[in-house]
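Rule-based calculations on the coordinates, nothing more; no lab input. Worth saying up front: this structure is predicted, and the values here are computed from it rather than measured. Neighbour counts run over all protein chains shown; Cβ positions are idealised from the backbone, glycine included.
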Amino acid sequence: MDCIFLECNLSNIKVDKCSFQGVQFENCKLTGVIFSTINALLVNWIFKNSLIELCTFSGLEMKNSIFFECTIRETDFINTNLAGSDFKNSDLQASKFQNTNLKKTNFVGANNYYIDPTQNQLKGAKFSQPNVLSLLSRFEIEIE
């Protein structure tokens, strides 16, 4: 609680029943971390300029989370409440959003995301061009 992890390699750490309140990860590497097992009460965290790879946030209540200028690869956000969160300028390559609450979430400057608008809640979410066109990829249409 109330701490900063600065330039840490936290790959494959076990976080079962850990609490994350007022926690910041800056310039960190988090690979293979299963956050789904944390104590989800009052989750409040910020990730800045960090590599988040092969992690699982599935099933968590993590409204207003901040992922600023992060590389988030092959990470699961399935059945997650991310309402009001911020993924500004983050790379979301091969990350999974399914049955996810993304209302009022900021994706401005984010890239490499695939979000199916029929399987996620997007009301009020913010996107930037040209990356917003990826929302149409599920429909297999041609855009010229």
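Things to note:
- Options [x] 55; [y] 43; [z] 37 - which one matches percent of Cα pairs over 21 Å apart as calculated here: [z]
- Separation of the Leu136 and Glu26 label points, Cα + 7 Å toward Cβ, nm: 4.0
- Around Lys48: net Lys/Arg minus Asp/Glu count, Cβ-Cβ under 9 Å: -2
- Point-charge dipole on Cβ atoms (K/R +1, D/E -1) for the chain, about Cα centre, debye to 20: 380
- Neighbourhood net charge (15 Å Cβ-Cβ; Lys/Arg +1, Asp/Glu -1) for Leu30: -3
- Cross-link pairs exceeding 25 Å between alpha carbons, from the set Lys14/Lys104; Lys14/Lys126; Lys14/Lys63; Lys17/Lys48; Lys63/Lys123; Lys29/Lys104: Lys14/Lys104; Lys14/Lys126; Lys29/Lys104.
- Cα-based shape type of the stretch 1-41, given that a ≥ b ≥ c are square roots of the gyration tensor eigenvalues and the cut on a/c is 1.5: oblate
- Percent of alpha-carbon pairs separated by more than 22 Å within the stretch 1-82: 9
- For the stretch 36-53 versus the stretch 128-144, the gap between their alpha-carbon centres in whole angstrom: 29
- Summing charges over all other residues whose Cβ lies under 9 Å from the Cβ of Lys123, with Lys and Arg as +1 and Asp and Glu as -1, gives +2.
- For the chain, the antiparallel share of DSSP beta bridges with both residues in that region comes to about 0%.
- Applying both filters, DSSP loop and at most 12 other Cβ atoms within 10 Å, to the trypsin sites (Lys or Arg not before Pro) of the stretch 60-118 eliminates every site.
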